[in-house]
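Written below as structure tokens is the structure these notes are about.
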Amino acid sequence: MVTGVEFLHLLRGAGFDFFTGVPCSLAKSLIATLEERGGYIAETREDAAVGLAAGAYMAGKQPVVIMQNSGLGVCVNALASLSLMYHFPCLLLITWRGYQGKDAPEHLIMGDISPTLLSTMKIPYQVLSAEPVGDSIRWAAETLRQTNQPVALLLPPGVMR
């Protein structure tokens, strides 16, 4: 398991320098760390966070959008009509509620279809695990720079404490 401080260090080391999103308890230590350091813009909707990330990219930043996988459904159109269409790259850090069918009932369907939804939108993704978190973050940064498109990291329970 990695702490929010360690995760942020890895993100910053890979060049990510703008953070926005909608909170989820699976990423609470990362969000708390960002809030302590003044580096997080909280949003009420994931599609609005995607818009902020596009603006940050145009201002020279390398953005991260933090969201729960239910929020992936909320921002499909913003990703398709803005980020993908106009090549506004960002890292989507998506907490994976309903992972392996274990969670509250309202998370199970999105938990089941989240990887398929990313594949359908042609957004490259990896599933984070506790050991190679740094490798996955470096992969995301490199893929984002090569494709000039969003990439995603799915964060299942138990990876971040």
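Bear in mind these aren't lab numbers, they're just calculated from the coordinates by the rules spelled out. All values derive from a computational prediction rather than experimental measurement. Ideal geometry is used to build each Cβ from the backbone, glycine not excepted, and the neighbour counts take in all protein chains shown.
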* For MET160, list long-range residues whose amide hydrogen, built 1.01 Å from N in the peptide plane, is under 5 Å from its own amide hydrogen. => VAL2
* To do: Determine the relative contact order of region 58-161: mean sequence separation of Cα pairs under 8 Å and six or more apart, normalised by residue count, in whole percent.
  => 33
* To do: Using a cut-off of 14 Å between beta-carbons, work out the net charge of the residues near ALA56 (Lys and Arg +1, Asp and Glu -1, ALA56 not included).
  => -1
* Asked: What does the charge add up to near GLN149, with Lys and Arg as +1, Asp and Glu as -1, over the other residues with Cβ less than 13 Å from its Cβ?
  -> +1
* Gap separating the Cα centres of region 87-113 and region 1-46, nearest whole Å -> 17
* Return the Rg/Rh value of the chain, two decimal places, where both radii are evaluated on C-alpha atoms and Rh is the Kirkwood radius. => 0.92
